[in-house]
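Step one of this worksheet: look at the structure below.
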Amino acid sequence: MANIRSKTQDIYSLEQLSSKSSRVHALHPMVKLISTLLFVVIIVSFNRYEFVRLIPFVFYPVILMALSETPWSIMLRRAALALPFALLAGISNILFDTDTAFVIGYLPVSFGLVSFISILFRTFLCVAAVLILVAVTPFNQLTNQLRRLHAPDIFVTLFEMIYRYIGVLLDEASAMYTAYILRSTEHKGLQMRHMGSFAGQLLIRSYDRAERVYNAMKCRGYNSLASRSKVIPLTGSDIFYLAAVSLPVILLRVFDINKLFTAVF
Amino acid sequence: MIAVNNISVTYPDGTKAIRDVSFTINDGESVALIGANGAGKTTLLLSLVGVLKPYTGTISVDGITLERQTLNEVRRRVGMVFQNPDDQLFMPMINDDIAFGPRNLGLSEDIVEDRVNSALSELGIGHLRGRSSLRLSSGEKRIAAIATVLSMNPTMMIFDEPTAFLDPKSRRGLIKLLSKLPHGRLIATHDLAFADEVCPRTILMKNGTIFADGKTRELIYDARIMDECGIADTL
Ligand SMILES: Nc1ncnc2c1ncn2[C@@H]1O[C@H](COP(=O)(O)OP(=O)(O)OP(=O)(O)O)[C@@H](O)[C@H]1O
Ligand SMILES: [Mg+2]
């Protein structure tokens, strides 16, 4: 907790990449949003015991990471945050789905284990796709495209607010924690009996702070309902990108490429 | 031009923070707002941009009376730099923060980009462009916060204690910078030497009222007046 400040920076570190200029960065935000959505929907649409057919989909993150020059280290660190949730979701499958799916050597592999691995892998693919999207598209462009796709305005605004206030909240927490630690030399960390008042104070302080931030936003003409933005025209490379991403993704979904190979050879 | 006529502001808890205050500030005029802690400086500034609503009196900017319907019009003309830059800088990156206001004005991305660039270069902070505000020093944050307001092309700027948290060198830089900007401005400050250098005119506040309004030189060197306003430390 002592390094909350650096954690806060971590949250936005991916987005800082979004101001870079690579081929992928220059693409139309709508194209990137749609291809990411398509990819995620298709990954999720596979049945829960599928693993082998998912492997070719790795092409998507690998190629995009390379094209956009996004460092793997930042991406993997962020993707790891989703790991506990995937583990939690997958673990019950191992426990309850114990029928044998197939046997490797003498080792029986249960359906549960297969679906566990599938969940982990699918989570990784989806999280990676979304993280890449964030890394190559400025946040305000993303939310503008969501609005143009007629996502309910209240959700988009809420999404923007949460995204921005999380920094405010962590900043406030880190300032309070530092002040606390400096006055409690003999203890390490926050003591249990101070937890309640610390949390209460944090809530009040970040609320106050959020109010001031909101005032400052209003003074600069912020009005959540009137988020206007110029319509950016689609170019040939946008269309090409959309085709280049969605065709393989759809084909891999429709045809079992592994079967094709075994049939040929 | 800002014209304030007999405004009074009361907080919801009953605190009468501003009582019957009137003054005008002309285009290009630079005015200091001085007063002890709790005198009502911040409250006054917030009511000028319509964050707080006076229960009597009127405020007008360039002839436009501040009311619900004209709120955006007034805020486009009067830019407020908040006391704490952390309240003003909330976007992950400085350039997004500077673009925030112009985007809200509905300007096209090209013009927004122009505004960001000229604000950055006018303040000499081009190198901060892609940086996160979390990683800046207090002085850099202060200048960046000014840039977020400058990019809206206001006619009038108001500042709440702009020299707070600044070391002598940054403070000097800020003074230089402010004297370059052509905007009319009202600056709430405790820094008398700063007021002396930047603002020919001073409004002195005491307990929510205007105690004196005149030449900075004549007010801040007058030990009796300053003492009466609860500001012990005369120059
Ligand atoms: N949100 C609030 N609710 C109730 N009273 C408030 C609130 N904010 C300020 N006040 C009161 O209003 C009065 C004027 O406060 P204000 O913040 O305007 O003073 P100030 O001149 O800016 O002081 P400082 O130099 O300390 O910044 C004070 O008595 C203060 O206690
Ligand atoms: Mg104040």
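Kindly indicate whether any position in the stretch B:2-15 is more than 16 Å from ligand 2 (Cβ to nearest atom), part of a loop (DSSP other than H, G, I, E, B) and on the phi < 0 side of the Ramachandran plot. Yes; the residues of the stretch B:2-15 include at least one that is more than 16 Å from ligand 2 (Cβ to nearest atom), part of a loop (DSSP other than H, G, I, E, B) and on the phi < 0 side of the Ramachandran plot.
Only one entry of B:Leu66, B:Leu45, B:Leu52 meets the criterion of being away from ligand 2 (no atom under 14 Å from the Cβ) and not aromatic (Phe, Trp, Tyr), and that entry is B:Leu66. Of everything in the stretch B:43-64 that is touching a strand residue (DSSP E or B) at 6+ places or on another chain (Cβ under 6 Å) and among the β-branched types (Val, Ile, Thr), the residue that is nearest to ligand 1 (Cβ to nearest atom) is B:Thr43.
Could you say whether any residue in the stretch B:32-42 is buried (at least 23 other Cβ atoms within 10 Å of the Cβ), more than 12 Å from ligand 1 (Cβ to nearest atom), outside any loop (DSSP other than H, G, I, E, B) and not small (Gly, Ala, Ser)?
No, the conditions are met nowhere in the stretch B:32-42.
Evaluate the stretch B:115-130: report whether one residue or more is closer than 30 Å to B:Ala17 by Cβ and facing chain A (nearest Cβ under 9 Å). No; the residues of the stretch B:115-130 include none that is closer than 30 Å to B:Ala17 by Cβ and facing chain A (nearest Cβ under 9 Å). Tally the residues that are assigned to a helix (DSSP H, G or I), closer than 14 Å to B:Ala36 by Cβ and touching an Asp or Glu at 6+ places or on another chain (Cβ under 8 Å), restricting the search to the stretch B:175-225. Residues that pass the stated criteria total 2.
Here the condition is being away from chain A (no Cβ under 14 Å) and within 16 Å of ligand 1 (Cβ to nearest atom); of B:Thr155, B:Thr189, it holds for B:Thr189 alone.
Within the stretch B:67-80, does at least one residue satisfy the condition of being crowded, with 20+ Cβ neighbours inside 10 Å and within 16 Å of ligand 1 (Cβ to nearest atom)? Checked against the condition, which is being crowded, with 20+ Cβ neighbours inside 10 Å and within 16 Å of ligand 1 (Cβ to nearest atom), the stretch B:67-80 yields at least one hit.
Looking only at the stretch B:15-31, residues that are without any contact (Cβ under 8 Å) to a residue 24 or more places away in the chain and either within 18 Å of the chain's Cα centre (by Cα) or more than 8 Å from ligand 1 (Cβ to nearest atom) (or both) come to 1 in all. Evaluated against (1) among the hydroxyl-bearing types (Ser, Thr, Tyr); (2) out of contact with any Leu (no Cβ under 8 Å at 6 or more places or on another chain); (3) at pLDDT 90 or above, B:Ser132 falls short on exactly one condition, (3).
Cβ-Cβ distances below 8 Å connect the following pairs, each with a first residue in the stretch A:142-160 that is exposed (fewer than 15 other Cβ atoms within 10 Å of the Cβ), a second residue that is of a type in the set (S, T, N, Q), and a separation of six or more residues or different chains: A:Asp153/A:Ser224. Of the residues making up the stretch B:98-114, those that are surrounded by 18 or more Cβ atoms within 10 Å (Cβ to Cβ) and either more than 9 Å from every other protein chain (Cβ to nearest Cβ) or not charged (D, E, K, R) (or both) are B:Ile98, B:Ala99, B:Phe100, B:Gly101, B:Pro102, B:Asn104, B:Leu105, B:Leu107, B:Val112. Considering only the stretch B:146-165, state which residues are away from ligand 2 (no atom under 16 Å from the Cβ), part of a loop (DSSP other than H, G, I, E, B) and surrounded by 21 or more Cβ atoms within 10 Å (Cβ to Cβ). Correct list: B:Ser151, B:Met152, B:Pro154.
At least 1 residues being in contact (Cβ under 8 Å) with a residue 24 or more places away in the chain, under 20 Å from B:Asn5 (Cα atoms) and not β-branched (Val, Ile, Thr) is the threshold, and among the helices (runs of 4 or more DSSP H) wholly inside the stretch B:44-124 those reaching it are B:71-77.
The values are calculated or read from the model by the stated rules, or taken from the named source; none is laboratory data. Just so it is clear, the structure is predicted and the values come from calculations on it, not from any experiment. Cβ sites come from the backbone with ideal geometry, for glycine too, and all protein chains shown count toward neighbours.
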